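Below: the structure, in structure tokens.
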Amino acid sequence: MVEIFKPETEAQVLEAVQWAVSNKNALEIIGQGTKRGLGCPVVAKAVLEMSAVSGITLYEPEELVMTARAGTPIAEVEAALDDANQMLAFEPWSPKYMYGCEGGTVGGVFAANLSGPRRPLVGAARDHMLGFQAISGRGERFKSGGRVVKNVTGFDLTKLMAGSMGTLGVMTEVSFKVLPKPEKSRTVLLIGATFAHRAMIAAQCSSYEVSAVAHLPHDIAGRSSVDYVKNAGRDVTAVRIEGPAPSVTVRCQALRDVLAPLGVSVEELHSSNTQTLWAEIRDLSYFTDKKQIWRLSVTPSEGQALAEALAGEYILDWAGGLIWLALDPSDDAQASRVRGAFTNGHATCMRAADDVRARIDVFQPHAAALAALDGRVRAGFDPHGLLNPGRMGGG
Amino acid sequence: MKMPAPDQDIIARRAEIISRLKAIVPGEGVISEEGELSVFECDGLMAYKQLPMVVVLPESTQQVSDILKACSELGVKVVPRGAGTGLSGGALPLADGVTLGLGKFKKIIDIDYDNRCAVVQPGVTNQAITNAVMDQDFYYAPDPSSRIACTIGGNVAENAGGMHCLKYGLTTNNLLGVEMVLMDGDVIRLGGKHLDPGGLDLLGAVTGSEGLLGIITEVTVRILKKPETQQAMLVGFDTVEAGGDCVAKIIGSGIVPGAMEMMDKMAIDAMQRFVDSGYPLDVEALLVIELDGPVAEVDFLVERVKTIAESVGSTFLRVSQSEDERMQFWKGRMSAFPSVGRISPDYLTMDGTIPRHRLPEVLTRMKELSVTYGLRVANVFHAGDGNLHPLILYDANQPGDLDKAEAFGSDILKLCVEVGGVLSGEHGIGVEKRDLMGEMFSEDDMKQQQRLKCAFDTMGLLNPGKVYPTLHRCAELGHMHVHGGKLPFPDIPRY
């Protein structure tokens, strides 16, 4: 029987991990367990559930910094930020459509390095994480980073922890940067782009400081709940502009002028439609839950051609640099076909049944020298492979 | 500060080591004459000097790989070096070590405007990247004050910052990929033109690792389109508190300026005397605030910042009316170091970061320390992100002055940590702050960091004696503590 430990304090987390280390028992580390579908399925004798190690311990809006225990619900973090008109600028996506689970914890957001459409402008979750406290797979407390933005004191283990899926240590507390919400947001839509990748590059490389650039092929656009997008009848390329009101107005007009010659027509979405559209893109509401989903991070200018060649449903974010690809279910999620289609970048199988994910490389396999290094790095944190063993493969 | 004792056996084998290196890098790429070696005896932290055993200047990744493989075989330590502008002694040579200079890696390999990136060799200077893309109105954002001389490889090693990282981030936020050679000669690539590297973020871990993890042989950085316009403001205050208040209110109101610099009276006086920058001499604190972006936005924000400044009692306020005037406002701040050099024979540059709102308290205590040590201190401050650069003035010709200045510096950094900050915001630990690491990190913290080094450099040959005060053998770091572990932990809720 799988035993579930639900510690309430850091000391109890330490105790649980030390027990695991002494007995060489593997632990599955979860927050609320909303993203268990991400990564290879973990086989472990015990589950360490972190959701009770919870609470915001420091929030100084004027310093743009927050510290929270790892199990703090992301909703609680966002509510506190809302009150001060601030946000997690990297726009973590919700697992609602991807895994059918609402919620999640702040530790989980950073452990999975979830980042949304604003990533090209402001960076990923890893760029906002400032420091952490954790228990290693050696059963020892350790920390890195701090609570200030500018910090080069010692190796940046914070970056390493972001996206490590709980395989290097059990984070008990994270500090991160927060930012003011933009005063105003609008979206310029280019309907029927002649060459979508050219339009995306034109927007991304303009001096108008766009905060997101995405592309929805016409069939996907038809599934949007934003009328302008849904009824466009053609591909829709969307560009978001944020900032103080007078600036947004001027930049929107300038972008319309840039984009208009590159397609059939341009439209503009105001605040609430903008919010709806980008939440759809961020959370990926467009694909049915039958589909297997891949996430490809590629050279932006190559994204569209690559997505088309892969012959599935797709949307492009990050000005073409991020492909969300939805395929009909198969035993191997077409892993070799997907990975054979590009040379620069990487592909992660974000959603497929447990048995499929257990069979394939969920994360992009590394070249030999890098794989060996990756293994040595992991061994330094978790020598017996007790924390979320195999979740990132190579287990 | 003591470096590990040189290994006399290695020094005795110097001739053999030189001939091995010459077999890899022919011609003038191996430097072993004492006169020529002295060029490499220190970096930007000139208080410490040491002649390297030998210097090698390879020209290709293959040569770097062969050198590291040979040094691994021979058990010889290697110190990587870019332009030698680092301020924490990260490139300080070792008497029993090879200094490996990347000065010949000067090619710009690829500029890809569509993907907003440039692929360059590590010896290309920071400024040269911007120069190469400026005709298309692009630039490389991180702008350390040494950018004309410092190399991008060194920037990656130190995670260099600059005035504009408040809005645009440090090197780590602008780096897309590297090719690097590990101590055993293996060549790996991390990242590329895509936005995130995939798997464990080793790229993030390598950035700012101060030459302890590998030798970078190629760098892919993100370049940005230049903002439509930039405008600078000078805002002066009667008290440092009011200046600090102004910074907090600007950030708190949701404005992130391109840059926001603050300086205290001693720094203002020194700079204005050095070069006329339009700085008022009758204020206690001066802010240089730069707003950038579309014209409509900058115009709007300038007005907003003016209102905030006035609301906290600014006594001086000027907005640049031309590009020339904007440059003039920056002139003084950009020449902070030479200005201070003019009023003192020597100075130490400190580099702590603090939570912004602790600034008045930190400055007050720094003044007290200044009295205690009998040394003057001038402050320049990246106010927006809390990065403090106190310049401690001393005279190296006065016996005991350097020791006093260093003790003063240590006290300042301890103070930064005490108020919730860190030892270094952008200059790195190197040898300068190495022995202070214990102020911030426990033994276990540091051991865990050093296990990362073991993964990259099993024998500990790459830049040893830097960053970490105690050298541990990797085998020792691998030992596991035995925990009690049998208890059924009655305190943990179980289901």
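One table, with the values for the structure above:
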| item | result |
| --- | --- |
| GluC sites (Glu not before Pro) restricted to region A:69-169 and DSSP loop, no more than 16 other C-beta within 10 Å | A:102 |
| Highest-fluctuation residue, A:117, A:92, A:365 considered, GNM on chain A with Cα pairs under 10 Å | A:365 |
| Under-5 Å amide H pairs with residue B:138, H placed in peptide plane, nonlocal only | B:226 |
| Inter-chain shielding of A:117-123 (mean C-beta neighbours from other protein chains, 10 Å cut-off) | 2 |
| For region A:286-301 versus region A:33-104, the gap between their alpha-carbon centres in whole angstrom | 23 |
| For region B:115-146 versus region A:229-280, the gap between their alpha-carbon centres in whole angstrom | 31 |
| Sparsely packed trypsin sites (Lys or Arg not before Pro) within region A:256-346, loop by DSSP, other Cβ within 10 Å at most 10 | A:290 |
| Nitroxide proxy distance, nm - points 7 Å out along Cα→Cβ at residue B:74 and residue B:137 | 5.3 |
| Normalised per residue, the volume of the convex hull around the Cα set of the protein assembly as shown (Å³) | 156 |
| In region B:18-106, GluC sites (Glu not before Pro) in a DSSP loop with at most 12 other beta-carbon atoms within 10 Å | B:33 |
| Whole-Å distance, taken between Cα centres, linking region B:14-47 and region B:229-281 | 45 |
| Vicinal HN-Hα couplings computed from phi for region B:19-28 (Karplus, 6.51 cos²θ - 1.76 cosθ + 1.60; Hz; Gly/Pro x) | 5, 4, 5, 5, 5, 8, 10, x, x, 8 |
| Residue mean of other protein chain beta carbons inside 10 Å, A:15-23 | 5 |
| Rounded, prolate or oblate (a/c below 1.5 giving rounded, otherwise prolate when a/b exceeds b/c) for region A:292-359 by Cα gyration tensor | prolate |
| Integer Hz, Karplus 6.51/-1.76/1.60 couplings in order for region B:119-124, x for Gly and Pro | 10, 9, 7, x, x, 5 |
| In Hz, Karplus ³J(HN,Hα) per residue of region B:397-413 (6.51, -1.76, 1.60; θ = phi - 60°; x = Gly, Pro) | 7, 7, x, x, 5, 4, 4, 4, 4, 5, 5, 4, x, 4, 4, 4, 5 |
| Value at 222 nm in deg cm²/dmol, rounded to 500, when DSSP H runs of n ≥ 4 in chain B each add -39,500 (n - 2.57) | -10000 deg cm²/dmol |
| Exposure of residue B:113 as accessible area (Å², to 10), given a probe of 1.4 Å and all protein chains | 60 |
| Protection proxy ranking, peptides B:255-265, A:233-243, average beta carbon neighbours within 10 Å, highest first | A:233-243, B:255-265 |
| Debye-sum result for chain B in log10 I(q)/I(0), which assumes one identical scatterer on each alpha carbon, at q = 0.13 Å⁻¹ | -1.28 |
| Eligible lysines near residue B:367 by straight Cα distance, threshold 27 Å, same-chain separation 8 or greater | A:150, B:249, B:265, B:331, B:404, B:414, B:433 |
| For residues of A:372-380, the mean tally of beta carbons on other chains within 10 Å | 6 |
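The values are calculated or read from the model by the stated rules, or taken from the named source; none is laboratory data. Treat the numbers as computed from the prediction; the structure is a model and nothing was measured. FYI the Cβ positions are ideal-geometry reconstructions off the backbone, even for glycines, and counts take in every protein chain you see. We work out accessible area using only protein heavy atoms, side chains counted, and drop any ligands, DNA or RNA first. Shrake-Rupley method; radii C 1.70, N 1.55, O 1.52, S 1.80 Å.
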